[in-house]
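Chemist: So that we are looking at the same thing, I have put the structure below in C-alpha coordinates.
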Amino acid sequence: QVQLVESGGGLVQAGGSLRLSCAASGRTFNSYDMAWFRQGPGKEREFVASFRWSGSTVYADSVKGRFTISRDNAGNRLYLQMNILKPEDTAVYYCAAKYGSSRSSDVKDYDYWGQGTQVTVSS
(Lines give C-alpha, C1' and ligand atoms only; values in the text may rest on other atoms or scores of the structure.)
Protein backbone atom coordinates (compact mmCIF):
# COMPACT_ATOMS: atom_id res chain seq x y z
CA GLN A 1 0.00 0.00 0.00
CA VAL A 2 1.50 3.28 -1.12
CA GLN A 3 1.67 6.04 1.46
CA LEU A 4 2.92 9.60 1.25
CA VAL A 5 3.20 11.42 4.56
CA GLU A 6 4.03 15.12 4.74
CA SER A 7 5.43 16.96 7.72
CA GLY A 8 7.03 20.29 8.57
CA GLY A 9 4.18 22.73 8.09
CA GLY A 10 3.38 25.46 10.56
CA LEU A 11 2.93 29.15 11.20
CA VAL A 12 5.69 31.53 10.17
CA GLN A 13 6.03 35.26 9.69
CA ALA A 14 6.49 36.77 6.24
CA GLY A 15 10.13 36.57 5.21
CA GLY A 16 10.69 33.42 7.23
CA SER A 17 11.51 29.87 6.20
CA LEU A 18 10.07 26.38 6.54
CA ARG A 19 11.20 22.97 5.34
CA LEU A 20 8.61 20.41 4.34
CA SER A 21 9.31 16.69 4.19
CA CYS A 22 7.48 13.84 2.51
CA ALA A 23 8.11 10.19 3.35
CA ALA A 24 7.02 7.72 0.68
CA SER A 25 6.50 4.02 1.33
CA GLY A 26 4.86 0.97 -0.18
CA ARG A 27 6.94 0.68 -3.34
CA THR A 28 10.26 1.72 -4.85
CA PHE A 29 9.98 5.30 -6.06
CA ASN A 30 13.21 5.70 -8.00
CA SER A 31 11.28 5.50 -11.31
CA TYR A 32 8.66 7.96 -10.13
CA ASP A 33 8.40 11.71 -10.43
CA MET A 34 7.58 13.38 -7.13
CA ALA A 35 6.15 16.84 -6.68
CA TRP A 36 4.72 19.41 -4.33
CA PHE A 37 1.35 20.99 -4.93
CA ARG A 38 -0.58 23.46 -2.78
CA GLN A 39 -4.15 24.57 -2.29
CA GLY A 40 -4.87 27.96 -0.80
CA PRO A 41 -8.19 29.01 0.75
CA GLY A 42 -10.86 29.11 -1.94
CA LYS A 43 -8.37 28.20 -4.66
CA GLU A 44 -7.72 25.22 -6.86
CA ARG A 45 -4.80 22.94 -6.18
CA GLU A 46 -1.72 24.21 -8.00
CA PHE A 47 1.71 22.93 -8.92
CA VAL A 48 4.66 24.15 -6.87
CA ALA A 49 7.69 22.08 -7.89
CA SER A 50 8.69 18.64 -9.11
CA PHE A 51 11.74 16.40 -8.88
CA ARG A 52 11.76 13.91 -11.73
CA TRP A 53 13.14 10.38 -11.54
CA SER A 54 15.94 11.61 -13.83
CA GLY A 55 17.01 14.27 -11.35
CA SER A 56 15.65 17.30 -13.19
CA THR A 57 13.58 19.87 -11.33
CA VAL A 58 10.77 22.22 -12.36
CA TYR A 59 9.36 25.15 -10.42
CA ALA A 60 6.26 27.28 -10.68
CA ASP A 61 7.13 30.87 -11.55
CA SER A 62 5.63 32.08 -8.28
CA VAL A 63 8.23 30.20 -6.19
CA LYS A 64 11.35 30.34 -8.38
CA GLY A 65 14.33 31.66 -6.47
CA ARG A 66 12.62 31.18 -3.11
CA PHE A 67 11.80 27.45 -2.92
CA THR A 68 14.14 24.50 -3.46
CA ILE A 69 12.96 20.94 -4.03
CA SER A 70 15.25 18.04 -3.22
CA ARG A 71 15.09 14.28 -2.88
CA ASP A 72 17.19 11.62 -1.18
CA ASN A 73 19.24 9.15 -3.21
CA ALA A 74 16.85 6.28 -2.59
CA GLY A 75 14.06 8.43 -3.98
CA ASN A 76 11.70 7.85 -1.11
CA ARG A 77 12.00 11.17 0.69
CA LEU A 78 11.11 14.50 -0.82
CA TYR A 79 11.81 17.93 0.62
CA LEU A 80 10.77 21.50 -0.03
CA GLN A 81 12.88 24.27 1.43
CA MET A 82 10.79 27.43 1.44
CA ASN A 83 12.52 30.76 2.00
CA ILE A 84 11.33 34.37 1.89
CA LEU A 85 7.79 33.19 2.55
CA LYS A 86 4.91 35.48 1.65
CA PRO A 87 1.32 35.55 2.92
CA GLU A 88 0.21 34.33 -0.50
CA ASP A 89 2.16 31.11 0.11
CA THR A 90 -0.41 30.20 2.76
CA ALA A 91 -1.92 26.87 1.71
CA VAL A 92 -2.14 23.19 2.42
CA TYR A 93 0.92 21.64 0.79
CA TYR A 94 0.62 18.17 -0.74
CA CYS A 95 3.25 15.66 -1.77
CA ALA A 96 2.42 13.67 -4.91
CA ALA A 97 3.96 10.95 -7.05
CA LYS A 98 3.49 9.49 -10.52
CA TYR A 99 5.32 7.04 -12.70
CA GLY A 100 7.97 9.00 -14.55
CA SER A 101 6.92 8.45 -18.18
CA SER A 102 6.62 12.16 -18.97
CA ARG A 103 7.02 15.48 -17.26
CA SER A 104 3.82 17.01 -15.88
CA SER A 105 2.62 19.77 -13.58
CA ASP A 106 -1.01 18.69 -13.90
CA VAL A 107 -2.84 17.49 -10.80
CA LYS A 108 -4.66 14.88 -12.89
CA ASP A 109 -1.45 13.10 -13.87
CA TYR A 110 -0.35 12.28 -10.32
CA ASP A 111 -1.48 8.94 -8.93
CA TYR A 112 -0.51 9.12 -5.28
CA TRP A 113 -1.14 11.89 -2.78
CA GLY A 114 -0.39 12.64 0.83
CA GLN A 115 -2.87 14.08 3.28
CA GLY A 116 -1.29 17.54 3.22
CA THR A 117 0.40 19.83 5.72
CA GLN A 118 -0.77 23.35 6.53
CA VAL A 119 1.56 26.30 5.94
CA THR A 120 0.39 29.67 7.22
CA VAL A 121 2.39 32.83 6.59
CA SER A 122 1.41 35.87 8.63
CA SER A 123 2.03 39.41 7.43
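The values are calculated or read from the model by the stated rules, or taken from the named source; none is laboratory data. Predicted, not measured: the structure shown is a model, and the values here were computed from it. Ideal geometry is used to build each Cβ from the backbone, glycine not excepted, and the neighbour counts take in all protein chains shown. In case anyone asks, the SASA skips ligands and DNA or RNA and just uses the protein heavy atoms, side chains included. Shrake-Rupley method; radii C 1.70, N 1.55, O 1.52, S 1.80 Å.
Chemist: All but one of (1) under 20 Å from GLN1 (Cβ atoms); (2) among the small types (Gly, Ala, Ser); (3) not in a loop (DSSP other than H, G, I, E, B) hold for ALA35; which doesn't?
Modeler: Of everything listed in (1) under 20 Å from GLN1 (Cβ atoms); (2) among the small types (Gly, Ala, Ser); (3) not in a loop (DSSP other than H, G, I, E, B), ALA35 misses just condition (1).
Chemist: Among the residues of the range 88-103, write down those that are hydroxyl-bearing (Ser, Thr, Tyr) and open to solvent by 70 Å² or more (accessible area, probe 1.4 Å).
Modeler: TYR99, SER101, listed by residue number.
Chemist: May I pose another question? Taking the range 104-123 on its own, how many of its residues are in a loop (DSSP other than H, G, I, E, B) and either surrounded by 13 or more Cβ atoms within 10 Å (Cβ to Cβ) or among the aliphatic types (A, V, I, L, M) (or both)?
Modeler: The first filter runs over the range 104-123 and keeps only residues in a loop (DSSP other than H, G, I, E, B), leaving 104-106, 110-111, 114-116, 123.
Now restrict to residues that are either surrounded by 13 or more Cβ atoms within 10 Å (Cβ to Cβ) or among the aliphatic types (A, V, I, L, M) (or both): 104-105, 110, 114, 116.
Matching residues across the range 104-123 total 5.
Chemist: Something else now. Would the range 80-92 turn up any residue that is touching a Phe, Trp or Tyr at 6+ places or on another chain (Cβ under 9 Å) and hydroxyl-bearing (Ser, Thr, Tyr)?
Modeler: Within the range 80-92 (the criterion being touching a Phe, Trp or Tyr at 6+ places or on another chain (Cβ under 9 Å) and hydroxyl-bearing (Ser, Thr, Tyr)), the answer is no, since none of the residues qualifies.
Chemist: Also: So which of SER25, SER50, SER54 is farther than 14 Å from TYR99 by Cα, in contact (Cβ under 8 Å) with a residue 12 or more places away in the chain and of a type in the set (Ser, Thr, Tyr)? Talk me through it step by step, then tell me what you get.
Modeler: Values: SER50 fails: farther than 14 Å from TYR99 by Cα; SER54 fails: farther than 14 Å from TYR99 by Cα.
Unique residue meeting the criteria: SER25.
Chemist: Take LEU85 and decide whether it is of a type outside the set (Asp, Glu), on the phi < 0 side of the Ramachandran plot and under 13 Å from the mean Cα position of the chain (by Cα). So that I can check it myself, show each step before the final result.
Modeler: Numbers: of a type outside the set (Asp, Glu): yes; on the phi < 0 side of the Ramachandran plot: yes; under 13 Å from the mean Cα position of the chain (by Cα): no.
Spelling it out, it is not the case that LEU85 is of a type outside the set (Asp, Glu), on the phi < 0 side of the Ramachandran plot and under 13 Å from the mean Cα position of the chain (by Cα).
Chemist: Scan the range 7-17 and give yes if some residue there is in a strand (DSSP E or B) and surrounded by 16 or more Cβ atoms within 10 Å (Cβ to Cβ), otherwise no.
Modeler: Here is the first cut: in the range 7-17, the residues in a strand (DSSP E or B) are 7, 10-13.
Among the residues that remain, those that are also surrounded by 16 or more Cβ atoms within 10 Å (Cβ to Cβ) are: 12.
Yes: the range 7-17 contains one or more residues that are in a strand (DSSP E or B) and surrounded by 16 or more Cβ atoms within 10 Å (Cβ to Cβ).
Chemist: TRP36 passes all but one of (1) over 14 Å from SER21 (Cβ atoms); (2) touching a Cys at 6+ places or on another chain (Cβ under 9 Å); which number fails?
Modeler: Exception for TRP36: condition (1).
Chemist: With respect to the numbered conditions (1) at pLDDT below 95; (2) touching a strand residue (DSSP E or B) at 6+ places or on another chain (Cβ under 8 Å); (3) at negative phi, which one is the sole condition not fulfilled by ASN30?
Modeler: (2)
Chemist: While we're on this one: Pull up the range 59-87, narrow it to residues that are in a loop (DSSP other than H, G, I, E, B), touching a strand residue (DSSP E or B) at 6+ places or on another chain (Cβ under 8 Å) and touching a residue at least 40 places away in the same chain (Cβ under 8 Å), then point me to the one that is most open to solvent (accessible area, probe 1.4 Å).
Modeler: This residue is LYS86.
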